[in-house]
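The values are calculated or read from the model by the stated rules, or taken from the named source; none is laboratory data. The structure displayed is predicted, hence computed values, not measured ones. Cβ sites come from the backbone with ideal geometry, for glycine too, and all protein chains shown count toward neighbours. Protein only, heavy atoms only, side chains kept; ligands, DNA and RNA dropped before computing areas. Shrake-Rupley method; radii C 1.70, N 1.55, O 1.52, S 1.80 Å.
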Amino acid sequence: MNIVGIETTCDETSFALVADGTTIISEMTMSQVAKHAMRSGVVPELGAREHIQNIAQLGEKFFQSIEKHKIDAIAVASKVGLPPAVQVGESYAAALAKAKNVPLIPINHVVAHVWGVWVDVAFIEKPAFPFLGLIVSGGHTQLVSFGSPTEFDIIGETLDDAVGEAFDKVAHILGLPYPGGPEIERVSEKGDSHAVPLSIPLENDDSLNFSFSGLKTAVRTYVEKELPKQHETYKEYFVADVAASFQRVAFMHIAQKVEKALKETGYKRLVLGGGVASSQRLTDMLFSYFEEKKIKCELFVPNRKYCTDNASVIAGYAYNLLEDC
Ligand code: KG4
Ligand code: ZN
């Protein structure tokens with residue numbers, strides 16, 4: 001069963017053809033990240049204009065690449081995302097499904113983020129259900145209990161900023177470019193992650209929810225007070241220390257809530273998805289946290305390219321919904 005996926009929810013225009021939910025036949029992605037970087041973040045209207053230009057151009061190339069393959073359905077990242085950008089993909093996909101006379105499958109791209117592991121060939125054995133999903137992106141931070149591909153419950157989520165959003169904002173405070181996550185990870189290498197006194201959010205709270213806005217404000221307050229005191233020569237080290245401390249505390253907050261969710265659900269598998277999951281630091285921290293706390297849990301993290309927004313996970317996940325169409 002071959003499904004075409006289309007993704008335009010944020011700053012990537014992406015097409016993919018995926019067979020039986022797991023095998024990528026073709027994938028093409030155009031990123032607008034460089035354009036948004038000049039403005040320190042995604043500008044929805046600018047994004048939509050870019051998607052309109054890119055989708056036609058990329059679509060032509062993509063359909064040429066798959067002309068020998070049959071298409072059974074069109075899946076599109078729908079509902080969640082930047083509204084003007086989402087609409088570009090939705091209208092393109094609707095017209096395409098009509099022209100090809102195949103079903104149109106709207107996909108919640110947040111949920112589809114966990115499907116990275118299924119389309120990544122590195123995972124020969126896919127995680128068995130049930131498992132805990134941790135979706136960490138620029139727009140969402142969610143703990144999701146997956147009983148099956150289509151039966152899932154959001155058991156925890158952020159009360160304010162998403163974790164990726166907090167990384168982008170802290171990067172901006174530190175004068176680092178967008179997207180902030182990879183920049184913070186890079187400069188942190190040289191920093192001391194215990195240099196800045198920051199509290200782990202919601203540490204004594206019983207819920208499975210997250211909060212990153214207070215942490216971001218604490219960083220801003222610290223930087224505003226301490227940065228002017230730094231000698232020009234040492235500013236680079238100051239930035240590295242703040243970035244490393246923020247990253248450690250943000251990921252410790254995630255690790256603590258994951259631990260709580262694993263205890264509550266009794267699950268022994270954790271599947272990551274979303275742009276922040278591409279942080280090597282996050283994977284390393286979760287591994288050492290599990291080891292230190294003697295938590296028995298298998299960790300599944302897809303390759304970086306399947307963590308961030310991409311059409312392969314949209315087409316892959318849609319396979320599970322095909323019979324409902
Ligand atoms: O899933 P994604 O590509 O788009 C959304 O749906 O939001 O995630 C993008 C987010 C950005 O906020 C970016 O800063 C963050 O993922 N990100 C990271 C890292 N790489 C990307 N955050 C922390 N550490 C990273 N290495
Ligand atoms: Zn996303």
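A few comments on the model shown:
- Charge dipole (debye, nearest 20) of segment 215-310; +1 at Cβ of Lys and Arg, -1 at Cβ of Asp and Glu: 360
- Charge dipole (debye, nearest 20) of the chain; +1 at Cβ of Lys and Arg, -1 at Cβ of Asp and Glu: 260
- Three-way shape label, segment 122-170, alpha-carbon gyration tensor, a/c 1.5: oblate
- Prolate/oblate/rounded call for segment 131-301, Cα gyration tensor, a/c under 1.5 rounded: prolate
- Largest-first ordering by accessible area, 1.4 Å probe, given options Tyr317, Tyr92: Tyr92, Tyr317
- Where both bridge residues fall in segment 131-301, DSSP classifies roughly 60% of the beta bridges as antiparallel.
- Value at 222 nm in deg cm²/dmol, rounded to 500, when DSSP H runs of n ≥ 4 in the chain each add -39,500 (n - 2.57): -13500 deg cm²/dmol
- Shape of the chain, Cα gyration tensor, a/c cut at 1.5: oblate
- Subset of Lys257/Lys305; Lys263/Lys305; Lys79/Lys305; Lys169/Lys268 violating a 28 Å alpha-carbon distance limit: Lys263/Lys305; Lys169/Lys268
- Within the chain, antiparallel bridges make up roughly 60 percent of the DSSP beta bridges whose residues both belong there.
- A Gaussian network model of the chain, with springs between Cα atoms under 10 Å, assigns the largest mean-square fluctuation among Ser288, Ser31, Ser14 to Ser288.
- Signed unit charges on C-beta, dipole axis of the chain, positive-most listed residue Ala97, Ala16, Phe251: Ala16
- Estimated D of segment 39-162 in µm² per second, where Rh is the Kirkwood radius over Cα pairs and Stokes-Einstein applies at 37 °C, 0.692 mPa s: 195
- Cβ-defined net charge surrounding Lys263, 13 Å radius [Lys, Arg +1; Asp, Glu -1]: +3
- Solvent-accessible area, 1.4 Å probe, carbon plus sulfur percent, for the chain: 51
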